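Each remark here refers to the structure printed beneath this line.
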Amino acid sequence: MDPKEEKRRNQFIELYDTHADAIFRFCYFKTGNRETAKDLTQDIFIKVFNYLEKEEIQNQKSFIYTIAKNIVIDFWRKNKSIPESHLPEGLFESITAEDNAEVSDNYAIFLSLLDKLSESDREVILLRYVEDMSSKDMADLLNERENTVLVRISRAREKLRDLFNNIENKNG
């Protein structure tokens, strides 16, 4: 194997090892189906591998999420399936994998509240707090100014806080 090919292979392995789990979660949140998310994750990394043949990737995380976002959009277009916002309520509660019952309950509450947000608000919350993406990376991915992304995150957090307070008021 020539040195250039080996460098590309090693770079791909590093990218895959670093981002595959997060990309799978992203796809799973967007499709609600584990097998579909696996297939989409595979498609995403095939595109990444093919891209590495031509050029080096500068901002890896943003680049991979941009590909992921586009592949998920293509998936919904091709399948003309139900958009995420119309999926059954509570769909994401099955993701809870925590052993601690209290943490699981809090996670289920979070997911049920998240499900009540608009798709746009849900997207920024997931990218920021589930995928731990920086506002700069989010801005690159969403093709928006970083300040706009920060405002969107703040507004979405406020909506979540209001939803949570409404639950607390009903239970308290």
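Data overview
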quantity: The lone exception for Glu98 - which of (1) assigned to a helix (DSSP H, G or I); (2) at pLDDT below 85 it fails; calculated: (1)
quantity: From Phe12, Phe63, residue being under 15 Å from Glu131 (Cα atoms) and not small (Gly, Ala, Ser); calculated: Phe63
quantity: Contacts under 7 angstrom Cβ, first residue in segment 40-58 being under 19 Å from Asp74 (Cα atoms), partner loosely packed, with under 14 Cβ neighbours inside 10 Å and of a type in the set (Ser, Thr, Tyr), 6 or more apart; calculated: none
quantity: Filter result (under 15 Å from the mean Cα position of the chain (by Cα) and β-branched (Val, Ile, Thr)) within segment 20-71; calculated: Ile23, Thr31, Thr36, Thr41, Ile44, Ile64, Thr66, Ile67, Ile71
quantity: Scan of segment 19-39 for residues that are in contact (Cβ under 8 Å) with a residue 24 or more places away in the chain, within 18 Å of Val130 (Cα to Cα) and of a type outside the set (Phe, Trp, Tyr), ordered by number; calculated: His19, Ala20, Ala22, Ile23, Arg25, Cys27, Lys30, Thr31, Gly32
quantity: Hey, Leu114 closer than 24 Å to Asn70 by Cβ, touching a residue at least 24 places away in the same chain (Cβ under 8 Å) and not polar (S, T, N, Q) or not; calculated: yes
quantity: Unmet criterion (only one of (1) modelled with pLDDT under 70; (2) touching a helix residue (DSSP H, G or I) at 6+ places or on another chain (Cβ under 9 Å); (3) not in a helix (DSSP H, G or I)) for Asp132; calculated: (1)
quantity: Subset of segment 110-129 [assigned to a loop (DSSP other than H, G, I, E, B) and either under 14 Å from Ala22 (Cα atoms) or of a type in the set (A, V, I, L, M) (or both)]; calculated: Leu117
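Listed here are the residues, each with its yes/no results for (1) surrounded by fewer than 18 Cβ atoms within 10 Å (Cβ to Cβ); (2) modelled with pLDDT of 90 or more; (3) in contact with a strand residue (DSSP E or B) (Cβ under 9 Å, 6 or more places away or on another chain); (4) not aromatic (Phe, Trp, Tyr).
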{"site": "Lys4", "(1), (2), (3), (4)": "yes, no, no, yes"}
{"site": "Lys7", "(1), (2), (3), (4)": "yes, no, no, yes"}
{"site": "Gln11", "(1), (2), (3), (4)": "yes, no, no, yes"}
{"site": "Asp17", "(1), (2), (3), (4)": "yes, yes, no, yes"}
{"site": "Ala20", "(1), (2), (3), (4)": "yes, yes, no, yes"}
{"site": "Phe24", "(1), (2), (3), (4)": "no, yes, no, no"}
{"site": "Tyr28", "(1), (2), (3), (4)": "no, no, no, no"}
{"site": "Asn33", "(1), (2), (3), (4)": "yes, no, no, yes"}
{"site": "Leu40", "(1), (2), (3), (4)": "no, yes, no, yes"}
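The values are calculated or read from the model by the stated rules, or taken from the named source; none is laboratory data. Worth saying up front: this structure is predicted, and the values here are computed from it rather than measured. All Cβ positions, even for glycine, are placed from backbone atoms using ideal geometry, and neighbour counts span all protein chains on display.
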